[in-house]
Each structure stands twice: as structure tokens, then as C-alpha cells.
Amino acid sequence: MTGHPGSTHDERSAETGGDHSQGPNAWFKALFCIFASPRRSFEIIRHRNPWLATLLLVLAGNAALALASAPLGLQAMRAQLTERMPGSPDQVDAMMAQFEQAAAAGRWLAMATGPLSVALGLAIQTVLVWLLAIALQGRLRFVQSLALMIHLAVITHLQSWANFLLLHVRGTDAIRSQLDLRAPMGLDLLLAGDNATLNVVYASINPFTVWFLALLGLGAAAVFGVPERKAWLLAAIYWATTTAFTAAATGLAARLTPT
């Protein structure tokens, strides 16, 4: 008779303490454990759904990256203009002066719209994963999908910073067009060619994408309750859908861009 209340209390303590999901620092534990111990992070996400603080960190990092990358974009633009007008350096300088003035005037607007576009992209990805999880017999609330995708977005954000660092390691003099602003770090190192659409597919197979998809599959099983095989199917469908969309958009842009 006296042991039942105690055992109930122990079960509750184990439930709240075992997944480290209690307290004001739950969001930090979930963020740290996404690297150190993903399964613990998934338990916190499943029970507490922390998302706001991590989202703010991702958006702030994106704004800082956009500010740091702005000179590279201008450099790519100057290289393209110089290639198209090799005998008119004064005209190129005049056009670049206008571009630089416009870029300086719109710097704060760009820092605001950049995070908004990231937030919109995250919202679309969250809806996609949420619908896929429901279709694959997952048991979840929308906020769980939101919390998981925001934490996985940290990996994508790290990839963007890695790209920025690789551009500087390779040398910014190699930036001759807007396409050169993406440093190869996947299969595109070996297989890149003249087909912009295929290059996107090659580039999508890289260490960061593999890391992201592995955690997405594990997270779908742990957070959404999707059966393990279907969780990996969810990750595969997500990769195919997002890669196809990016490849199609890149291919269309390549056709519309004058050479």
C-alpha cells in the first residue's frame, strides 16, 4: 500500500528527468544534444517542443552571414560585367558604383528580408514533413514538426557558413559568377559539368545533407512515432522533393540568364 505512491513518484521523476526536458534551459539542451546526443534532443523536442530560441539564433546567424557575404556577391557581379564588357572598364566601374550604392542603401532591408525568407522556407519544410509523417502513420502535433525542423536547420546553417569559409580558403579571386558563390563540397567535386540541374543533384549529396537526412530519419521515428523503415522513407522523399524543386529552379534560372 505504501509502495504504490512512491513508485508513481519515481516513474514521474524518471519521465521528467530522464529526457532532460524540464526547466528553462530545455531549449539549450535540445540544441546542444542535436550534436552531442541526438536521441536526447529528440526526447526533449517530443515532450517540450522548444523552437523559438533556436529559430531566433538561426535567423540572427543568417543575417550575419548575409552581411558578411555581400562583398562576394558584388565581386561576382563585377566579374560578370567585366567579362561581358571587356573594353569598357569605365562603364563597368560606373555600373558597379551604382550597384554598391544601392547595396549599401538596402543593407538593412536585406538583413530583414533574408531571415524572413529563411523563416518562410522553414515553414514550407515543416508542413512538408508534417504531411509526410501523417501519411506514414506518424502520431504528432504540428509544433513537434516545427521544433524538429528548426533544430535540423542548424545543420543547414552550418553548411552555409562552411560554404562561406571554403570560398575564402579557395580564394575569392576564383569567384567569376554567381554560380561560383557555392563552393563544391559533395559529389559536385567529382561530377560537376555544364548541366546546372544535374550539378544541383550532385551538390545535394554532401556530408551536411547526409547528416541532416540521418537525423531527420531518426527524428521522425523518435518524435513522430513513425515506424523505423517508414521514417527512412520519409527522409528519402524529403530529399527527393527538395532537391527536385531546387534543381528545377536552378535549371530555369540558367535558361533565363543571358550568357
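The values are calculated or read from the model by the stated rules, or taken from the named source; none is laboratory data. Keep in mind that this is a model prediction, so the values were computed, not measured. Neighbour counts are summed over all protein chains in view; Cβ atoms, including those assigned to glycine, are modelled from backbone coordinates with ideal geometry.
Suppose we keep only residues that are buried (at least 17 other Cβ atoms within 10 Å of the Cβ), small (Gly, Ala, Ser) and at pLDDT 95 or above within segment 128-155. Which one would you say is nearest to Glu43 (Cα to Cα)?
Among those residues, the one meeting the criterion is Ala147.
Is it true that some residue in segment 204-213 is among the small types (Gly, Ala, Ser) and touching a Phe, Trp or Tyr at 6+ places or on another chain (Cβ under 6 Å)? Reasoning before the result, please.
In the first step, residues of segment 204-213 are kept if they are among the small types (Gly, Ala, Ser); the result is 204.
Applying the additional criterion that residues be touching a Phe, Trp or Tyr at 6+ places or on another chain (Cβ under 6 Å) yields none.
Scanning segment 204-213 turns up no residue that is among the small types (Gly, Ala, Ser) and touching a Phe, Trp or Tyr at 6+ places or on another chain (Cβ under 6 Å).
Could you pull out the residue among Ala244, Ala221, Ala249, Ala214 that is free of Cβ contacts under 8 Å to residues at least 12 places away in the same chain, among the small types (Gly, Ala, Ser), closer than 30 Å to Leu140 by Cα and surrounded by fewer than 15 Cβ atoms within 10 Å (Cβ to Cβ)? Step through it out loud before you land on a result.
Details: Ala221 fails: surrounded by fewer than 15 Cβ atoms within 10 Å (Cβ to Cβ); Ala249 fails: closer than 30 Å to Leu140 by Cα; Ala214 fails: free of Cβ contacts under 8 Å to residues at least 12 places away in the same chain.
Testing whether each residue is free of Cβ contacts under 8 Å to residues at least 12 places away in the same chain, among the small types (Gly, Ala, Ser), closer than 30 Å to Leu140 by Cα and surrounded by fewer than 15 Cβ atoms within 10 Å (Cβ to Cβ) leaves just Ala244.
With the structure loaded, tell me whether Leu59 is assigned to a helix (DSSP H, G or I) and modelled with pLDDT of 75 or more or whether it fails that test. Even if it seems obvious, please write down each step before you answer.
Working: assigned to a helix (DSSP H, G or I): yes; modelled with pLDDT of 75 or more: yes.
In short, yes.
Looking only at helices (runs of 4 or more DSSP H) that lie completely in segment 173-259, which have at least 1 residues being touching an Asp or Glu at 6+ places or on another chain (Cβ under 7 Å) and over 29 Å from Pro71 (Cβ atoms)? Break it down stepwise before answering.
Working: elements: 188-191, 196-203, 207-224, 228-256.
Answer list for segment 173-259: 207-224.
Within segment 116-173, how many residues turn out to be acidic (Asp, Glu) and under 19 Å from the mean Cα position of the chain (by Cα)? So that I can check it myself, show each step before the final result.
Taking segment 116-173 as the starting set, the residues that turn out to be acidic (Asp, Glu) are 173.
Now narrow it down to the ones that are under 19 Å from the mean Cα position of the chain (by Cα): none.
Result for segment 116-173: 0.
For segment 182-211, give me the residue count where each residue is buried (at least 19 other Cβ atoms within 10 Å of the Cβ) and of a type in the set (Asp, Glu).
Matching residues across segment 182-211 total 1.
Table: residues versus (1) farther than 15 Å from Ile34 by Cα; (2) among the β-branched types (Val, Ile, Thr).
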site: Tyr202; (1), (2): yes, no
site: Trp211; (1), (2): no, no
site: Gly225; (1), (2): yes, no
site: Lys230; (1), (2): yes, no
site: Leu233; (1), (2): yes, no
site: Tyr238; (1), (2): yes, no
site: Thr241; (1), (2): yes, yes
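Of all residues being hydrophobic (A, V, I, L, M, F, W, C) and in contact with a Gly (Cβ under 6 Å, 6 or more places away or on another chain) in segment 156-209, which is nearest to Leu31 (Cα to Cα)? Just the residue, please. Give the derivation first.
Here is the first cut: in segment 156-209, the residues hydrophobic (A, V, I, L, M, F, W, C) are 158, 161-162, 164-167, 169, 174-175, 179, 181, 183, 185, 187, 189-192, 196, 198, 200-201, 203, 205, 208.
Narrowing further to those that are in contact with a Gly (Cβ under 6 Å, 6 or more places away or on another chain): 196, 203, 205.
Details: Ala196: 35, Ala203: 26, Ile205: 24 Å.
Among residues in segment 156-209 that are hydrophobic (A, V, I, L, M, F, W, C) and in contact with a Gly (Cβ under 6 Å, 6 or more places away or on another chain), the one nearest to Leu31 (Cα to Cα) is Ile205.
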